[in-house]
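Scroll down for the structure; my scribbles are underneath it.
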Amino acid sequence: MSTDFNVSDAQKPSSKGPDPILLTLFANRFMSVAEAMGRSLQQTSISTNIKERLDFSCALFAPDGELVANAPFIPIHLGAMSFAVQYQTKLHGRSLKDGDVLMTNSPRAGGSHLPDITIITPVFEANSDEIIFFVASRGHHADVGGILPGSMPPTSVNIFEEGAEIVSFKIVSGGVFDKDGLYERMIDIPGRYPGSSGCRNIKDVESDLKAQIAANHKGIQLIRAMVNEYGLVTVQEYMFHIRNNAEMSVRNLLREVAERAGTNVLQAVDYLDDGSPIKLKVEIDVKKGSAVLDFDGTGPEVRNNLNTPTPVVHSAVIYCMRAMLDVDIPLNAGCLVPLEIKIPKKSLLLPSPTAAVCAGNVLTSQRIVDVVLKAFNACAASQGCTNNLTFGEGGKDKEGKISAGWGYYETIAGGSGAGPGWHGTSGVHTHITNTRIGDVEILERRYPVLIHRFGLRDGSGGEGKYKGGDGVVRDFEFMHKLQVSILSERRTRQPYGAAGGGPGMMGRNIWVKQLRKEDGDLLDEAQADPLADKENKRPSSTLREPREINIGGKATILMGKGDRLVIETPGGGAWGSVDEEEEGKHVGIVNKAKGLVEWAARGSLAERAAAQAGF
């Protein structure tokens, strides 16, 4: 029996073109399904990550696993989720039944990194075993085990240190939730790896997974209502029309780019903080409106966690294509049809199955976006980082048993890049992320931390005709001993400016460490410096000025009571030189002053809230 899902000829688009009104209607109806799923997930979840930070995505997929439509959630999730759905359809084929729900997070199976767990549910035609759609939700869970709380360890060198990896698990079978199977995969199996723990707060994870299952069920109800209203043939026909519309929009964009550039070959390179290059060559076929994006020359797999699963590369590319389009269409699989993406084997963009990848999803992906937009000369670089902070406690006790614990995770905003006609935005999550930051009041109420400062980092944006956005400063004080980790980029290389504009400032992570004699911070009388004592007019052993230590971009530290971590995020690059007088001297290959700004607005949380108010 074939395991491939195909839409019958009767359900493919007719030869006549789509009705423009129905095309717009169905585009919005499909997006509204994903939006309603997201609202359900937010309302029924309990974790800070999903309920307050909105680090989740919901989407609707065709029977073949291709993305049909989504709401403005997390771009890095949306392009990769198709890979996850397609993997499961090939693995399970037509053995799936109504009432089955699948769970996965493995990069080998379309995952991004292990904390991002995807829940996939098939949608069956009424009174039939025919799958007509898939719905899926992906949420970032605060802890899935591994060597450190938060499951984003800066020091991981293989995937087993990052927590539970699940290629495929039927979390619900015939309507029955498999709690025992979930606990085995989330606690027992990851805890067997030396130095690792299972999930430190399984109750919260279990509750949020049930919220994802419920959100998928909401999507199924809305899809069936749409089918009942318009008929399956019409619904799936317009699903194809929407995909084709996106495809033609990208083809037109590529032709426009080649015309503006005066060449059909575009190139760019940028570097991670460790010096690893990400290189891109774009060759456009003007006649076909297609392009080959070749990442040949990108650095090899690295012995850290900046390696990036291939689905994440596709997510970054599809995001860039959609962001450069000046038309209002849902992001879907059609955006990738005109593109051939070539990734060199054994590179950090096509790592081995056991490579560590937790930072590749959140950091390297930002650099891929930087490189693509640089090649298209669309705008200056944004902060190029998501500034991933995790802290928590718990894991295994001295006897190797799992102890109660918890983990907290957040991403921190920075500056966005300027472009031909607009200044960058200050203090915003950029490109592949679209989450909120942890609310200060909620953070201080739920966790043992105080926020001393959270504000803009004045002057960190690049200087130019159009200025880059400023980064932010976020200053934490920890109220008792906690394991604190930071994963960040742009700490040794500045976000680039464009068309003569200046670069943004690099970020910085400072540990303000309280002096403790047990840590060797205080000198006894025999070690004291007489000159220092005389200058300060007090014994050196009583000095109370804390140390300020630059911990670099990637570090994990056992913070003591009263210690602080001050995170200064990068600013965005500027566009155009400061003394440029001639308006339009640098117009950019893709002059999307309107398009990029409007897409940013369409993908904003403010618009999401407005859309939700309509339900």
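The values are calculated or read from the model by the stated rules, or taken from the named source; none is laboratory data. Just so it is clear, the structure is predicted and the values come from calculations on it, not from any experiment. Note that each Cβ is placed from the backbone with ideal geometry, even for glycine, and that neighbours are counted across all protein chains shown. Each accessible area value is taken on the protein alone, full model and side chains, heavy atoms only, with ligands, DNA and RNA left out. Shrake-Rupley method; radii C 1.70, N 1.55, O 1.52, S 1.80 Å.
Quick notes on this structure:
- Here the chain carries DSSP beta bridges of which approximately 95% are antiparallel, counting only pairs with both residues inside.
- The stretch 223-326 - percent relative contact order, Cα under 8 Å, separation 6 or more: 20 percent
- Accessible area of the chain belonging to carbon and sulfur atoms, whole % at 1.4 Å probe: 50 percent
- When you restrict to C-alpha pairs under 8 Å that are six or more residues apart and normalise by the size of the chain, the relative contact order lands at 14 percent.
- With the highest mean first, a sort of the peptides 93-99, 220-226, 174-180, 427-433 on other beta-carbon atoms found within 10 angstrom per residue produces 427-433, 220-226, 93-99, 174-180.
- Per the Debye calculation on the stretch 20-232 with a single equal scatterer at every Cα and no solvent contribution, log₁₀ I(q)/I(0) for q = 0.16 Å⁻¹ amounts to -1.01.
- Helix 232-261 and the longest principal axis of the Cα set of the chain meet at an angle near 60°.
- Folded to 0 to 90 degrees: helix 202-230 orientation relative to the chain principal axis, Cα: 20 degrees
- Amide H within-cut-off set for Trp422, under 5 Å, with H built and near neighbours excluded: none
- Between helix 20-44 and the chain there is an angle of about 40 degrees, using the helix long axis and the longest principal axis of the Cα atoms.
- Relative intensity of the chain on a log10 scale, I(q)/I(0) at q = 0.06, 0.09 Å⁻¹, equals -0.32, -0.71, per a Debye sum over C-alpha point scatterers of equal strength in the absence of solvent.
- Across the stretch 167-177, computed HN-Hα scalar couplings (Karplus, 6.51 cos²θ - 1.76 cosθ + 1.60, θ = phi - 60°) run 6, 7, 8, 7, 6, 10, 10, x, x, 9, 6 Hz from first to last residue, x flagging Gly and Pro.
- When Leu522, Leu102 are compared by accessible area at a 1.4 angstrom probe, the order from most to least is Leu522, Leu102.
- Most to least packed among 490-499, 65-74 [average Cβ atoms within 10 Å]: 65-74, 490-499
- Sorting Arg53, Arg457 by solvent-accessible area of protein heavy atoms yields Arg457, Arg53, largest first, with a 1.4 Å probe.
- Solvent-accessible area per residue for the chain (1.4 angstrom probe, square angstrom): 39 Å²
- Segment Asn158-Ile510, extension gain: residue separation times 0.36 nm, minus the distance between their alpha carbons: 124.0 nm
- The stretch 333-460 - convex hull of the alpha-carbon atoms, volume per residue in Å³: 195 Å³
- If R0 is 41 Å, the Cβ-Cβ spacing of Glu130 and Ile451 corresponds to a FRET efficiency of close to 0.20.
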